[in-house]
Amino acid sequence: MFCSRIVLQCDIMAASLAQLIEEGWGDYTMQQEEGEKIPCEKAALGEDRGIIIMSPSWTQLLFQILLLLVCCRHINTKTSGATPSPLAPVPTVARSVVLKGESQNETIEVLNPIKLELECTWTGDQDKLPNITVYWMKDENEIENSRLTVQLENEPYNLKREFSIEKEENLGTYSCVFENVSKINFILAAPQIGDVREKPIVSYVGDYVVMTCKMEESKPKPSSWNWYKKNGTDEEQIFPAEEPRYKIKNEDEKTKLVVHNLTEADSGLYYCGAVYAIATTKSPVKLKVITYWEPLKPFLAILAEVIVLVAIILLCEKSQSKKDGATGNETNADQTYTLTEGENKDQEGNSSVRQRKV
Amino acid sequence: MPPAAATNLGYTPPDGGWGWAVVFGGFISIGFSYAFPKSLTVYFKEIQEYFSVSYSEIAWVSSVMLASMYAGGPVSSILVNRYGSRPVVLLGGLMVGAAMVLASYGTTIIHLYVCVGLIGGFGLAFNLQPALTIIGTYFQVRRPLANGLAMTGSPVILFILAPLNQFLFDSFGWRGSFLILGSIGLNCCVAGALMRPVGKSIQPKPKTEPPECDAAVAEKAEAVDTTEQSASLQTEKGKSQSRSQSCVHRFIDLSLFTHRGFLIYLIGNVVMFFGFFAPLVFLAPYAKHQGFDDYSSALLLSILALADMFVRPATGFIGNSKWIRPRIQYFFSFAVSYSGVCHLLCPLASGYVGLVVYAVFSGLGFGMVSALLFEVLMDLVGAHRFSTAVGLVTIIECGPVLLGPPISGALVDISGEYKYMYYACGLFMLVPGIFLFIMHYYNYKKLDEEQRQSVAVEMKTSEETVKLQIGLDDKTAHEADR
């Protein structure tokens, strides 16, 4: 019906009212604050968020508004999918979550600037308090003028707000909070690099090293890659053009930094950055440069151990066979080594019975 | 127990004493030979990035090492026959050490193929064969136990090397790790030092002139041989050849190919090796394919290795018992068939518990087969021809060992399912198992027959000798009387 048509576009008040204008229901103009949508109730009540200028045919208008009010209040819409707003050039993405329990996290991957509409639905508390306070937060700070006290009437309450995500500062954690207790966190971030190598890459002075970063196949590919070296507290970008020691080889989903002629000063933290329109995600890679002397120490220690053991075993054997020779047993000790071996082999070679008797 | 003369070794093997030190030396040598190529895979990813090569090019390093290890078998046999076990193992240890140290300075992937692959592989070959051979010279009565204990070296050393390699890699990168692995490989020289030739430990039985295995005295040796052989037991088919084989054919004893038992062993093993290693190689990927995480999949391999580790000495002990020892070939055939059945049943395993059960049972099977693998060869051909036999066996087995995993991998890629690979591997092991059962039944019958015949011949000749002696005594008595 007419009501249902309107209520389906409840969140795009401007569009629907514009339609009404065309249908000759009066002049409506709506002033909106930048980037924020007005909930149905507020629009109807005409609070400071928006100003509705009514045309002379106010009875018809009033009827329309009342209709809108009645229909809007009973909506529990879960809009999914992008519904592009004709006012904004950037796409709008909507996300809605139903809160189960005390707190919940939802991760949203953002590549390009978008208008993001977030909707939280809360099924209410056991205590069934009549009035509840709701507000939005960004990164642990309450967003100004977002606090509301609303009446809960035995039904789930849903809170909706649109945010403009254009720059890296706009990314972060947005939360809708109910009664200071229950909240849903929407974590906005550019795609993160999955497998991070925790242990450092070890290389040697004078050698070269290859450091790689890879974005998972399932995640969207960055437009390009950058590399940074940590210098004190800030990160300096590495430009191969300036320093021929460094070479960067980029492919769509992975990147390689090759550093030639390493010195011990090259040790430290490096970052590979995956560049997206909205932000650059960084991932650390640790490099450790050591001299050849480091592995040489254990090598020499084990070599010494081997020589000592072999010497002990052979010397013990020699002294034991000298003792045998001295006591006048068969002159095994005096025989040459190969002769003894050959003797044994030939004794064995005389016959070839399969040995299976015990 | 029958007297030591039945062993025809010409001396009584110590069956203990310094023999246990030799078993320990063999434990280390065999352990390094099998565990070293497998444990190097930890470095592959890093080396692959460093040299900018594909994964298959890096995997070739392992393949070349394994191939050299098997191909070096005959060379190793020749050297052991000529010089004995100890110098060959010492040389092998030095080669492994040098190979890894050279590899740590490598600048291209070819450098790694040559150093780690060729030189390292040959070094390991010079460790494996002599270690197996010398155990046969030290043990007779307790030989299955000694073999089982020595073969336990493989899983134990792998257990130690795998985390050690990871630690070395994290601390020193691949170059430093190769340097240190070189020094660890030199421990094979310690194992070699322990391999005292058995002639120095015991007194050889007094014999008429011990012929030397030297070309100059070959004719003399032959003359001595012919007189001795008429009285000794001869039950092998290659009777005429075995008379001359000890000296003239000291390089490579191709007469083994007419040896019935050896042929049965060879045919059975060649088919079996096609399906021997692949199930292990693909266990972790199969688990991941089923949806389990990396850690749980790797845990399956550890469970398999643990089962393997404990069952090897146990198998040696069982194989030594008086019920099994005379018919140890049946035990080996059973072990092979059991493994085959395990692999055939693997696709039925459901859930992680099923896979764990499979890992335990196939670990048992793997351990049993490995522990008996060389013991049964020794049992068939005898300790004196074992060195040559094992050389021939390893070079022929080189093919299936190298081709097995890639063929299985191709099966998985074509069908998209792992179960066909497990069915194929199961069949590759079950069929030789049954073949070995049947052929050894026939072989045992034939050997018993030949034994009876030769005993009869001996009885006859000894009777004649006694008659001759009595006749002679009578004659002298007669002359004395006159």
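The values are calculated or read from the model by the stated rules, or taken from the named source; none is laboratory data. Quantities reported herein were computed from a predicted structural model and do not represent experimental measurements. So basically every Cβ, Gly included, is an ideal-geometry build from the backbone, and we count neighbours across all protein chains shown.
Quick grid of which residues meet (1) touching a Gly at 6+ places or on another chain (Cβ under 9 Å); (2) loosely packed, with under 11 Cβ neighbours inside 10 Å; (3) in a helix (DSSP H, G or I):
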position: B:PRO405; (1), (2), (3): no, no, yes
position: B:ALA410; (1), (2), (3): no, no, yes
position: B:TYR420; (1), (2), (3): no, no, yes
position: B:MET439; (1), (2), (3): yes, no, yes
position: B:LYS445; (1), (2), (3): no, yes, yes
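Quick check on region A:233-251. Is at least one of its residues under 19 Å from B:TRP174 (Cβ atoms), touching a Phe, Trp or Tyr at 6+ places or on another chain (Cβ under 9 Å), surrounded by 16 or more Cβ atoms within 10 Å (Cβ to Cβ) and at pLDDT 90 or above? Spell out how you get there, then give the answer.
Let us first name the residues in region A:233-251 that are under 19 Å from B:TRP174 (Cβ atoms), namely none.
For region A:233-251, residues under 19 Å from B:TRP174 (Cβ atoms), touching a Phe, Trp or Tyr at 6+ places or on another chain (Cβ under 9 Å), surrounded by 16 or more Cβ atoms within 10 Å (Cβ to Cβ) and at pLDDT 90 or above: absent.
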Checked against (1) crowded, with 24+ Cβ neighbours inside 10 Å; (2) at the interface with chain A (Cβ under 10 Å from one of its Cβ atoms); (3) under 24 Å from B:SER85 (Cβ atoms); (4) at pLDDT 90 or above, B:PHE178 satisfies every condition except (3)
If we keep only residues of region B:353-406 that are without any contact (Cβ under 8 Å) to a residue 60 or more places away in the chain and among the aliphatic types (A, V, I, L, M), then the residue nearest to the other protein chains (Cβ to nearest Cβ) is B:MET368
For A:GLU117, the lone unmet condition from (1) assigned to a loop (DSSP other than H, G, I, E, B); (2) among the acidic types (Asp, Glu); (3) in contact (Cβ under 8 Å) with a residue 60 or more places away in the chain is (1)
Of B:ARG243, B:ARG250, the only residue that is modelled with pLDDT under 85, outside any helix (DSSP H, G or I) and either within 14 Å of chain A (Cβ to nearest Cβ) or touching a Leu at 6+ places or on another chain (Cβ under 9 Å) (or both) is B:ARG250
Per the list (1) surrounded by fewer than 24 Cβ atoms within 10 Å (Cβ to Cβ); (2) within 20 Å of B:PRO197 (Cα to Cα); (3) in contact with a Pro (Cβ under 8 Å, 6 or more places away or on another chain), residue check on B:VAL89 breaks on (1)
For region A:202-216, the count of residues that are surrounded by 19 or more Cβ atoms within 10 Å (Cβ to Cβ) and either in a loop (DSSP other than H, G, I, E, B) or more than 11 Å from chain B (Cβ to nearest Cβ) (or both) equals 2
How many residues of region B:30-68 are under 27 Å from the mean Cα position of the chain (by Cα) and basic (Lys, Arg)? The answer is 1
Taking region A:143-185 and the residues there that are without any contact (Cβ under 8 Å) to a residue 24 or more places away in the chain, of a type outside the set (A, V, I, L, M) and surrounded by fewer than 16 Cβ atoms within 10 Å (Cβ to Cβ), the one that is nearest to A:VAL93 (Cα to Cα) would be A:GLU169
